[in-house]
Each structure stands twice: as structure tokens, then as C-alpha cells.
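Here it is: the structure, laid out below.
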Amino acid sequence: MSAHSSHLVGELTDNHRQTHDWERDALVDLRHGRIERAFATYAVHDRLHPAADHPQLVDRISEHYLDALDRGTRLFDVIALAATRKNATALNTAIRNRLQQHGRLGTDRDVAGRAFAVGELVVVNRNDNPRGLLNGTRAVITTINRRDVTMHLDDDRTVTVPAAWAADRLRPAYAMTVHKAQGLTVDIALVDTTGITDRNAGYVAASRARHRTELHHTGLDPLLEAMCDDPLTRQPSLQRPDDAIRHLAARFRRPAQQHLAVDQLIHERNTPDLGRTR
């Protein structure tokens with residue numbers, strides 16, 4: 001904590017989550033506005049991954065997600081992150097499909113109008129204090145019956161809930177919005193950077209993982225290009241690594257937006273729920 005005038009302002013000065021010294025240093029650079037230096041460090045360590053377009057980016061993140069599981073990472077210890085609910089939904093769909101194709105999920109079962117499978121990673125979307133289930137609690141589905149669903153929680157508890165409850169309060173949790181993932185700690189984070197437009201969200205996304213953060217990006221988006229305050233970043237395409245670094249840095253350089261959480265909540269309320277079984 002540091003004092004400014006008559007007000008106390010909290011300032012994060014140390015980050016002990018990351019196991020690699022270079023990544024802690026990169027996050028210090030990111031936090032203090034040395035954005036291009038931070039991304040240059042990520043590039044040196046092969047943590048920046050370009051894609052031709054957003055569908056390719058989503059496909060690559062889903063591939064990296066499966067690779068992490070194949071290397072022995074637990075479902076609870078890998079997460080895909082996106083700035084918007086729309087992009088998180090796209091990631092959840094792609095990752096879930098890939099896991100099913102490779103036999104890591106059971107057959108879809110209809111649960112009160114929603115499709116779930118044994119082996120599914122889900123997140124609770126509203127508090128249920130009597131059951132000890134809080135908003136953001138993650139779990140893996142272990143059994144599905146006509147009347148109820150049993151889950152193994154990330155705190156090692158086992159809980160059984162009615163089917164209607166599951167349909168109403170459980171959602172896929174392979175990917176989350178950056179806003180929802182605040183406070184989460186995992187081993188591996190796979191970040192869709194395309195909708196990240198300020199330093200606060202960028203820092204949260206880049207600091208969730210202990211062992212490995214992968215930053216996936218595409219070419220210049222016209223809206224983001226117009227928002228950039230650095231004319232050097234306004235280029236028709238990304239041909240060289242330094243172009244990608246400048247592009248990412250221009251977006252992450254914007255000051256933290258205090259209304260970020262409010263904007264996200266409004267966006268989520270206005271976004272159609274795509275989880276219902278067709």
C-alpha cells in the first residue's frame with residue numbers, strides 16, 4: 001500500500017504465482033507500462049502465437065488445450081481466456097468438440113434441455129449457499145441420471161444436484177471471460193487477446209497461470225486499429241514479429257478502465273444464451 005495525499009491506494013508490487021523468473025519480470029513490465037518490452041520477452045520464449053483469423057485462433061487454442069491434457073495437466077489446471085462472452089463461448093464450443101472427438105468426454109446427455117456429458121468441466125453461475133456452491137465454483141461431472149447430476153468439485157467435494165438445477169446453473173468451463181477469471185490460478189492459460197483493449201484486462205489474463213501463459217493473436221482488427229493511440233501500429237498487415245508486438249502493445253497500453261466489470265455485465269445480459277440444446 002502507498003499513500004497519495006489523503007488517500008490510500010493499493011498497488012500490487014510482487015507477483016509470486018509464476019514459476020519462471022522471466023515471466024514474473026515480463027508481468028512487472030506489463031504492469032508498469034513497459035508493454036513492448038513485456039511482449040518481446042513473451043516472443044523470445046515462444047509464447048506469442050499468430051493466427052490468420054479468429055476461427056484459426058480458436059482452433060489452435062482448442063488444440064493447445066488438448067495437448068495440455070495429453071501431457072498430464074488436470075482439467076482444473078488449464079483454462080482458455082477471452083475478453084468477451086462471445087469469444088469465450090466460441091472457445092468453449094471448440095474445446096468441447098475437440099475433447100469429444102478424442103474420447104475425453106462421454107456421449108451428450110439431455111439434462112432438462114441442456115447437453116452435458118460425463119467428464120465435462122463446468123462452472124456454477126450463481127451462488128447456492130445451502131449446497132456450499134458459489135458462483136465460479138468449477139467441477140467435473142461424474143454421473144448423469146434422469147433426475148440428477150453428480151459432480152466432483154475443485155475442492156475435492158462430491159455434490160449431487162437436481163437435473164433442473166444443473167441445467168439452470170451449470171455452464172461449460174473450458175473457457176472463461178477474463179473478468180470472471182479474476183482470482184483464478186491454474187497451471188496453463190491460453191489467452192485469446194483479440195478483444196483485450198486495456199492494460200488491466202491484459203494483466204489479469206497474462207497472470208493467471210503458474211507455469212505457462214500462451215498469448216494468441218490475429219492481424220489488425222479495424223475497430224482496434226482505430227482505437228490505437230500509436231500511429232506506428234496502424235499497418236495494413238502483420239508481417240514481422242515486431243509488428244505483432246507493436247499491435248498488441250498498443251491495445252495493452254491503454255489505461256485500466258474502471259468501468260470494465262460494468263461493461264462486461266451489461267454485455268453478458270444483452271448476449272443471447274447459446275447453451276441450450278437444439
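Take the stretch 43-63 and flag every residue that is out of contact with any Pro (no Cβ under 8 Å at 6 or more places or on another chain), under 23 Å from Leu184 (Cβ atoms) and either outside any helix (DSSP H, G or I) or at pLDDT below 90 (or both).
His45, Arg47, His49
What pairs come out if I take residues in the stretch 30-51 that are under 22 Å from Glu63 (Cβ atoms) and pair them with residues that are buried (at least 20 other Cβ atoms within 10 Å of the Cβ) and of a type in the set (Phe, Trp, Tyr) whose C-beta lies under 8 Å away, six or more apart or interchain?
Qualifying pairs under 8 Å: Leu48/Phe39; Leu48/Tyr42.
Of the residues in the stretch 126-164, how many are crowded, with 18+ Cβ neighbours inside 10 Å and over 23 Å from Thr185 (Cβ atoms)?
4
Please verify whether the stretch 4-23 includes one or more residues that are surrounded by 14 or more Cβ atoms within 10 Å (Cβ to Cβ) and modelled with pLDDT of 90 or more.
Yes - at least one qualifying residue is present in the stretch 4-23.
Hey, another quick one. I'd like the full set of residues that are crowded, with 22+ Cβ neighbours inside 10 Å and charged (D, E, K, R), limited to the stretch 86-113.
Arg96, the sole residue that qualifies.
Separate question: Is it the case that the stretch 64-82 has a residue that's surrounded by 20 or more Cβ atoms within 10 Å (Cβ to Cβ), farther than 28 Å from Gly195 by Cα and either assigned by TED's automatic domain parsing to the domain that holds Arg199 or modelled with pLDDT of 95 or more (or both)?
Within the stretch 64-82, not a single residue is surrounded by 20 or more Cβ atoms within 10 Å (Cβ to Cβ), farther than 28 Å from Gly195 by Cα and either assigned by TED's automatic domain parsing to the domain that holds Arg199 or modelled with pLDDT of 95 or more (or both).
For the stretch 104-143, which positions are assigned to a strand (DSSP E or B) and farther than 17 Å from Asp154 by Cα?
Listed by number, the residues that qualify are Arg109, Asp110, Val111, Arg114, Ala115, Phe116.
Each row is one residue, and each column tells you yes or no for (1) within 24 Å of Ala51 (Cβ to Cβ); (2) basic (Lys, Arg); (3) touching a residue at least 40 places away in the same chain (Cβ under 8 Å); (4) assigned by TED's automatic domain parsing to the domain that holds Gly72.
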site	(1), (2), (3), (4)
Thr89	yes, no, yes, yes
Phe116	no, no, yes, no
Glu120	no, no, yes, no
Asn125	no, no, yes, no
Pro162	no, no, no, no
Ile188	yes, no, yes, yes
Gly195	yes, no, yes, yes
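The values are calculated or read from the model by the stated rules, or taken from the named source; none is laboratory data. Since the model is a prediction, treat every value here as computed from it, not as a measurement. Glycine also receives a Cβ, built like all others from the backbone with ideal geometry; neighbour counts cover every protein chain displayed.
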